Amino acid sequence: RRLLDALIDQAALAIERVHLVEDMDRAQRTIETDRLRSALLTSISHDLKTPLAAIMGAAGTLKEFAPALDDQAKAELLGTVIDESERLNRFIANLLDMTRIESGAISTEPQLGLHYVGDIVGSALKRARKMTVGHEIDIDIPSDLPMLRLDPVLFEQVLFNLLDNAAKYAPAESAIVIRGRENEDFVVLQIMDEGPGIPPQDLERVFDTFYRVAKSDQVRAGTGLGLSICRGFIEAMGGTISAGNRTDRSGAVFTITMPVPSEEPFLDNPT
Ligand code: ADP
């Protein structure tokens with residue numbers, strides 16, 4: 001009987017501990033949500049207002065001065081409207097992606113199909129064609145790489161964000177290399193550019209939501225969302241993503257590692 005009491009005491013203690021951990025977890029999540037919310041507000045006020053102001057300015061000028069403007073001036077103003085609308089569109093798509101990650105709406109695992117990564121690289125390149133124009137693209141992906149279990153839409157988005165960055169931060173006409181390799185039970189995909197690379201102290205932080213390397217603020221427009229989306233998607237699919245710098249020359253390397261699915265047991269054939 002005393003043994004039973006002791007067991008009950010132990011169990012009660014264990015339950016209390018679990019509650020404590022749960023409470024801490026909840027508190028931590030609230031802090032993170034609060035931080036995300038205020039970061040979102042700051043970013044929205046800047047990233048939505050800036051292109052909107054440009055669109056309103058260009059459209060207003062067009063409306064008011066159309067008769068006095070020559071064709072080239074009109075085309076330039078319209079170009080601004082289109083470019084800035086695209087920027088807005090991309091930012092909103094990024095925000096939606098982030099929300100999906102934050103809310104855990106991205107579920108993966110068994111329902112995902114098997115895909116050849118070279119196909120997804122192809123479709124990502126097609127989508128990124130406008131941004132990568134002028135760049136040399138070297139694709140080195142063996143045709144016998146094992147199939148991966150992934151969501152092709154999410155995976156394409158990750159590659160698109162990485163290609164967008166490679167084209168954005170590296171000089172025009174520089175080469176972008178996409179290399180795939182099988183390494184034991186993993187497929188490793190690398191996207192390399194010939195830009196300035198990433199300072200060693202920022203290699204981990206570039207995946208934080210809204211984080212940007214200080215210098216790139218002045219060089220290129222951006223939101224600091226792209227890479228955190230990449231990490232959220234890749235981890236949701238059971239892989240990892242990391243940033244590094246090339247050793248053969250200046251440039252950044254992004255490495256995605258995805259597990260090769262193990263052979264499925266023959267469930268529907270019991271003997
Ligand atoms: P954004 O590009 O919109 O700022 P990202 O999350 O995609 O946001 O990237 C975060 C930061 O990481 C960028 O601001 C930039 O400083 C750095 N970065 C990302 N990709 C590269 C790259 N290929 N070369 C150099 N720096 C990069």
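No value in this document is a laboratory result; all are computed from the given coordinates. Since the model is a prediction, treat every value here as computed from it, not as a measurement. Positions of Cβ are backbone-derived with ideal geometry, glycine not excepted, and every protein chain shown enters the neighbour counts.
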For M131, placing the label point 7 angstrom along Cα-to-beta-carbon and taking the range 170-207, residues whose amide nitrogen sits under 17 Å are 170-179, 190-198, 206-207
The ratio Rg/Rh over the Cα atoms of the range 80-183, Rh being the Kirkwood inverse mean 1/r radius, stands at 1.00
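Sort the range 126-243 into rounded, prolate or oblate with this rule: let a ≥ b ≥ c be the square roots of the eigenvalues of the Cα gyration tensor; rounded if a/c is under 1.5, and if a/c is not under 1.5, prolate when a/b is larger than b/c, oblate otherwise.
Numbers: a/c = 1.76, a/b = 1.29, b/c = 1.37.
In terms of gyration-tensor shape, oblate.
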Proxy exposure order for D71, D193 (fewest C-beta within 10 Å first) is D71, D193
Karplus-derived 3J(HN,Hα) from phi for the range 223-239 (6.51 cos²θ - 1.76 cosθ + 1.60, θ = phi - 60°), whole Hz, x at Gly and Pro, runs 10, x, 9, x, 6, 5, 5, 4, 5, x, 5, 5, 5, 5, 9, x, x
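Within the range 137-234, list the GluC sites (Glu not before Pro) lying in a DSSP loop whose Cβ has at most 13 other Cβ atoms in a 10 Å radius.
Working: sites: E156, E173, E182, E184, E194, E204; in loops: E173, E184, E194, E204.
In loop regions of the range 137-234 (DSSP not H, G, I, E or B), the sparsely surrounded GluC sites (Glu not before Pro) are E173, E184, E204.
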